[in-house]
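Asks: After the C-alpha cells below, expect a handful of questions from me.
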Amino acid sequence: MRFVIKHEIRGRIRVHVLQKRMTYEQADILQYYLLCNESVKLAKVYDRTCDAVINYTGDRKEVIRLLQE
C-alpha cells in the first residue's frame, strides 16, 4: 500500500493512504488487518480523509513493514 507519514511520535504514527476515497469496507479491512498484529494496540481508520492512526508498542520498522504489505 502506498502511504505518507503525516505525523509521528514514539508509540503513535499517523499515515495518509494515497487514494482519493476509501470505502467503509476498505477502512474496516485495514483496521482489522492492523489490529491483528500483536504490536498494534489501537488503530483508527478515517474513511473520508484516508488517514489511519496507529498506537503501537515495540519497533517502528515492524509497523512500517506491516503497512507496506
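Asks: Reachable aspartates and glutamates from Lys41, Cα under 15 Å, same-chain residues fewer than 8 places away excluded?
Replies: Result set, ordered by chain and number: Asp59, Glu62.
Asks: So, one more: Can you compute 3J(HN,Hα) from phi for each residue in the range 53-69, using the Karplus curve 6.51 cos²θ - 1.76 cosθ + 1.60 with θ = phi - 60°, rounded to whole Hz and x for Gly and Pro?
Replies: Values, residue by residue: 10, 10, 9, 9, 10, x, 8, 5, 4, 5, 5, 5, 4, 4, 6, 6, 6 Hz.
Asks: A further question follows. Could you give the C-alpha radius of gyration of the chain expressed as a fraction of 2.2 N^0.38 Å, taking N as the number of residues it contains?
Replies: This ratio for the chain stands at 1.00.
Asks: Then there's this: Give the aspartates and glutamates whose C-alpha is closer than 18 Å to that of Lys61, dropping any in the same chain fewer than 8 places away, or say none.
Replies: Hits, sequence-local ones excluded: Glu8, Glu38, Glu69.
Asks: Hey, another quick one. Hey, which lysines would be in cross-link range of Lys20, C-alpha to C-alpha under 24 Å, not counting anything within fewer than 8 residues on its own chain?
Replies: Within the straight-line limit of under 24 Å, Lys20 reaches these lysines: Lys6, Lys44.
Asks: Assigning unit charges at the beta carbon (Lys, Arg +1; Asp, Glu -1) and nothing else, what dipole magnitude in debye, to the nearest 20, does the chain show about its Cα centre?
Replies: Numbers: 13 positive and 9 negative charges, 69 e Å.
Dipole size: approximately 340 debye.
Asks: Provide the per residue accessible area, probe 1.4 Å, for the chain, rounded to a whole number of square angstrom.
Replies: Value for the chain: 71 Å² per residue.
The values are calculated or read from the model by the stated rules, or taken from the named source; none is laboratory data. No experiment lies behind these values; they were computed from the predicted model shown. Quick reminder, even Gly has a Cβ in these numbers, built from the backbone with ideal geometry, and neighbours come from all protein chains shown. Keep in mind that these areas ignore ligands, DNA and RNA; they rest on the heavy atoms of the full protein, side chains included. Shrake-Rupley method; radii C 1.70, N 1.55, O 1.52, S 1.80 Å.
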